[in-house]
Amino acid sequence: LTASANAFVFADMLSQIKTDGFFVFALALVMVFVVILIQERSLVRAIFMCTPLTVSFLWLAGVMALFHIKLGLFNMVILPVAVGIGIDAAIHLTLRYRSSGRGSIVFVLARSGGAITMCAATTVVGWGGMMMSQHQGLNTMGLLAMLAISLSWLSTLTVAPAMAPAAE
């Protein structure tokens, strides 16, 4: 009787984690947007700054679907963390672009692109260590973190520069 009761409790716990996980992920996105909106004092600039992150999560959803990567108990934790890590590069690139002036996107990428790439690469390598785990949950946690951070980096260095002329 105890074993079957534990199974029901565990199943309910998994269901609750998935529900709460999506809520916490959405809350993280909203809170990051609000913080940027307060700092920027402009809805347009806040949207511009958050667009690469949003695009990267759309790409992440596509990659997960394409390779049948499921969200689970362990890797669900990565999503809100990836929001915080993923927005950093877009913030740095956008603020550097603004301080460098109109038409400076090539200069900004030359000056800041390397640092953004190194930050993303070291973070990806750090999370990648989890993929060496024999535990499937930890393994997929590392995989999802690596994918989310890599896609945020790629989006920041492609989507943000493509949007720069519109921001001027």
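A few remarks follow.
- Hits in the range 64-83 - residues which are in contact with a helix residue (DSSP H, G or I) (Cβ under 7 Å, 6 or more places away or on another chain), open to solvent by 10 Å² or more (accessible area, probe 1.4 Å) and not hydrophobic (A, V, I, L, M, F, W, C): GLY72, PRO80
- The range 15-44 - residue that is within 23 Å of ARG96 (Cβ to Cβ) and open to solvent by less than 40 Å² (accessible area, probe 1.4 Å) and, of those, farthest from the chain's Cα centre (by Cα): SER42
- The condition of being out of contact with any Gly (no Cβ under 9 Å at 6 or more places or on another chain), at pLDDT below 90, basic (Lys, Arg) and farther than 28 Å from ASN139 by Cα does not hold for ARG45.
- Just one of the numbered conditions (1) surrounded by 21 or more Cβ atoms within 10 Å (Cβ to Cβ); (2) without any contact (Cβ under 8 Å) to a residue 60 or more places away in the chain is not true of PHE107: (1).
- Being of a type in the set (A, V, I, L, M) and under 15 Å from the mean Cα position of the chain (by Cα) is a condition met by no residue of the range 92-115.
- If the condition is being more than 24 Å from GLY62 (Cα to Cα) and either surrounded by fewer than 15 Cβ atoms within 10 Å (Cβ to Cβ) or within 19 Å of the chain's Cα centre (by Cα) (or both), then the range 130-168 contributes MET132, SER133, GLN134, HIS135, PRO165, ALA166, GLU168.
- When the helices (runs of 4 or more DSSP H) confined to the range 56-168 are screened for residues that are closer than 20 Å to LEU37 by Cα, those reaching at least 3 such residues are found at 78-100, 136-167.
- Looking only at residues of the range 45-63 that are among the hydrophobic types (A, V, I, L, M, F, W, C) and without any contact (Cβ under 8 Å) to a residue 40 or more places away in the chain, we find that the one that is surrounded by the most Cβ atoms within 10 Å (Cβ to Cβ) is ALA46.
The values are calculated or read from the model by the stated rules, or taken from the named source; none is laboratory data. Keep in mind that this is a model prediction, so the values were computed, not measured. With ideal geometry, Cβ positions are generated from the backbone for all residues, glycine too; neighbour counts draw on all protein chains shown. Please note that ligands, DNA and RNA were not included when accessible areas were found on the heavy atoms of the full protein model with its side chains. Shrake-Rupley method; radii C 1.70, N 1.55, O 1.52, S 1.80 Å.
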